[in-house]
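K.L.:
Please find one structure pasted underneath; my questions will follow.
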């Protein structure tokens, strides 16, 4: 009896389709180039907001945030302005590895901390705090520590020394590859998911190095992607013709020109107010506040009965939403429109957790990175990052599809799980 075809999913956090195509054409990523020429390659859309916690949760469940419950990296406790950090326990829809038959190996998928028992192996991705809670089964921990495995790159090093940051990035990638090779060989698996997240860190700090061939770190940037391509080639050479290989990113990237602070806009226009004489913080919102924002640009109406200092009464929401849409639709910095799209929650989300969704979500225009930051004392500035996320320029490459027609014309990250499922059961 023929063995069932295996499913391999390789993630590259934040990598835009244009970069992949450029590196493929330039010979930096010859293995990706081969996949593009022999399989399916498409630009895909990320989640909204286009942050990793939402995008990866949508990918592994095949659901939108209204069904899986993750709307951002941070959220609020019920009936409170106190911030909390949603984790894997807050994911309301099952990931594919809890549904598919056969053992799964899952390495470095963001927002899967703390891990839980499963049929196979899982090592959580960022944000992971405690090594002991990041690995299942725990018997794997000594081997990972022997590899000098890191749960994430130490991005704080980039703020003091780019050399130290890049050295840490190298060591993290090397250990991640060692773990992949070990698990690939030692575990009898049916599905294997492996994510590179250093790409996102690299592009945040050194997008300018990617664009500028004369930049001090340009060659380093290129070599990082060459190393990843070598692993992709290794994987491609190990799988059979009937196995399904999916490589994708969770969102795209582009040059960052300005950080724009949404809380500042709300405050300057009278929508957001804080208690006098106290620290400017979300949990010090006072009566009179009509709206507040959580990163990156999720705007919540301050409804009476829903929040401690709720001011907005039932029936006032529509007028307030219209005012906010007009305000942000006309927002400009240095003569350029800041907001590309404005969505109401019903346009984006559906499901049992729609009640927890933001009332408005903003998507930044080219070059503008939207941030909440209640402490901001200006509309816009520029910090250390040179690159920012994009919502509509992620990529999807597939080898081994039984029918290319199952890929939507304009795919989203939510479609990837379904594409893989339709190819399961092949031999």
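K.L.:
Determine, yes or no, whether residue 395 is part of a loop (DSSP other than H, G, I, E, B), modelled with pLDDT of 95 or more and under 18 Å from the mean Cα position of the chain (by Cα). I'd like the intermediate steps shown before the answer.
P.N.:
Details: part of a loop (DSSP other than H, G, I, E, B): no; modelled with pLDDT of 95 or more: yes; under 18 Å from the mean Cα position of the chain (by Cα): yes.
Considered against the rule, which asks whether it is part of a loop (DSSP other than H, G, I, E, B), modelled with pLDDT of 95 or more and under 18 Å from the mean Cα position of the chain (by Cα), residue 395 comes out as no.
K.L.:
Let me ask something else. Would you check if there is a residue in segment 274-282 being closer than 26 Å to residue 86 by Cα, in contact (Cβ under 8 Å) with a residue 40 or more places away in the chain, in a loop (DSSP other than H, G, I, E, B) and in contact with a strand residue (DSSP E or B) (Cβ under 7 Å, 6 or more places away or on another chain)?
P.N.:
yes
K.L.:
Also, I was wondering about something else. Mind listing whichever residues of segment 93-124 are more than 26 Å from residue 200 (Cα to Cα) and surrounded by fewer than 19 Cβ atoms within 10 Å (Cβ to Cβ)? Outline the logic, then answer.
P.N.:
Taking segment 93-124 and keeping what is more than 26 Å from residue 200 (Cα to Cα), we get 98-103, 117-120.
Residues satisfying the conditions are 98, 99, 100, 101, 102, 103, 117, 118, 119.
K.L.:
Which numbered condition trips up residue 347, out of (1) closer than 26 Å to residue 42 by Cβ; (2) under 25 Å from the mean Cα position of the chain (by Cα); (3) in contact (Cβ under 8 Å) with a residue 12 or more places away in the chain?
P.N.:
Checking residue 347 against (1) closer than 26 Å to residue 42 by Cβ; (2) under 25 Å from the mean Cα position of the chain (by Cα); (3) in contact (Cβ under 8 Å) with a residue 12 or more places away in the chain, the one that fails is (3).
K.L.:
When you scan segment 285-319, how many residues do you find that are touching a residue at least 40 places away in the same chain (Cβ under 8 Å) and assigned to a helix (DSSP H, G or I)?
P.N.:
Selection size over segment 285-319: 1.
K.L.:
Hey, could you check segment 320-340 for residues that are part of a strand (DSSP E or B) and touching a residue at least 24 places away in the same chain (Cβ under 8 Å) and say which is surrounded by the most Cβ atoms within 10 Å (Cβ to Cβ)? Lay out the reasoning, then the answer.
P.N.:
Initial filter on segment 320-340 (part of a strand (DSSP E or B)): 332-333, 336-337, 339-340.
Narrowing further to those that are touching a residue at least 24 places away in the same chain (Cβ under 8 Å): 333, 336-337, 339-340.
On the way: 333: 16, 336: 13, 337: 15, 339: 21, 340: 15.
Looking at residues that are part of a strand (DSSP E or B) and touching a residue at least 24 places away in the same chain (Cβ under 8 Å), I get 339.
K.L.:
Right, another one. When you check residue 207 against the structure, is it part of a helix (DSSP H, G or I) and touching a residue at least 12 places away in the same chain (Cβ under 8 Å), yes or no?
P.N.:
Values: part of a helix (DSSP H, G or I): yes; touching a residue at least 12 places away in the same chain (Cβ under 8 Å): yes.
In short, yes.
K.L.:
Are any residues in segment 354-377 out of contact with any strand residue (DSSP E or B) (no Cβ under 7 Å at 6 or more places or on another chain) and under 30 Å from residue 275 (Cβ atoms), and if so, which ones? Give the derivation first.
P.N.:
Quick first cut of segment 354-377, residues out of contact with any strand residue (DSSP E or B) (no Cβ under 7 Å at 6 or more places or on another chain) only: 354-357, 374-375, 377.
Matches in segment 354-377: 355, 356, 357, 374, 375, 377.
K.L.:
Sticking with this one: Just checking, does segment 346-361 include any residue being assigned by TED's automatic domain parsing to the domain that holds residue 318, crowded, with 19+ Cβ neighbours inside 10 Å and part of a strand (DSSP E or B)?
P.N.:
Yes: one or more hits.
K.L.:
Follow-up question, since we're still on this one. Report, by residue number, each residue of segment 139-158 that is surrounded by 12 or more Cβ atoms within 10 Å (Cβ to Cβ) and either over 18 Å from residue 186 (Cβ atoms) or under 22 Å from the mean Cα position of the chain (by Cα) (or both).
P.N.:
Within segment 139-158, 149, 150, 151, 152, 153, 154, 155, 157, 158 meet the criteria.
K.L.:
Could you tell me how many of the residues in segment 187-203 are part of a helix (DSSP H, G or I) and within 24 Å of residue 99 (Cβ to Cβ)?
P.N.:
First, the residues of segment 187-203 that are part of a helix (DSSP H, G or I): 198-203.
From what is left, the residues that are within 24 Å of residue 99 (Cβ to Cβ) are none.
Final tally of qualifying residues: 0.
K.L.:
Out of all the residues in segment 76-96, which are farther than 28 Å from residue 280 by Cβ and touching a residue at least 40 places away in the same chain (Cβ under 8 Å)?
P.N.:
Taking segment 76-96 first, the residues farther than 28 Å from residue 280 by Cβ are 88-89, 91-96.
Scanning segment 76-96 gives 92, 96.
K.L.:
If you check residue 66 against the conditions, is it over 28 Å from residue 189 (Cβ atoms), touching a residue at least 24 places away in the same chain (Cβ under 8 Å) and outside any loop (DSSP other than H, G, I, E, B)? Full working, then the answer.
P.N.:
Numbers: over 28 Å from residue 189 (Cβ atoms): yes; touching a residue at least 24 places away in the same chain (Cβ under 8 Å): yes; outside any loop (DSSP other than H, G, I, E, B): yes.
Here the answer is yes, as residue 66 does meet what is asked.
K.L.:
Moving on. For segment 97-109, enumerate the residues that are part of a loop (DSSP other than H, G, I, E, B), out of contact with any strand residue (DSSP E or B) (no Cβ under 7 Å at 6 or more places or on another chain) and at pLDDT 95 or above. Give the steps one after another, and end with the answer.
P.N.:
Quick first cut of segment 97-109, residues part of a loop (DSSP other than H, G, I, E, B) only: 99-103.
From the residues that got through so far, the ones that are out of contact with any strand residue (DSSP E or B) (no Cβ under 7 Å at 6 or more places or on another chain) too are 99, 101.
Within segment 97-109, just 99 meets the criteria.
The values are calculated or read from the model by the stated rules, or taken from the named source; none is laboratory data. Since the structure is predicted, the reported quantities are computational estimates derived from the model, not experimental observations. Using ideal geometry, Cβ is built from the backbone for each residue, glycine included, and neighbour counts are taken over all protein chains shown.
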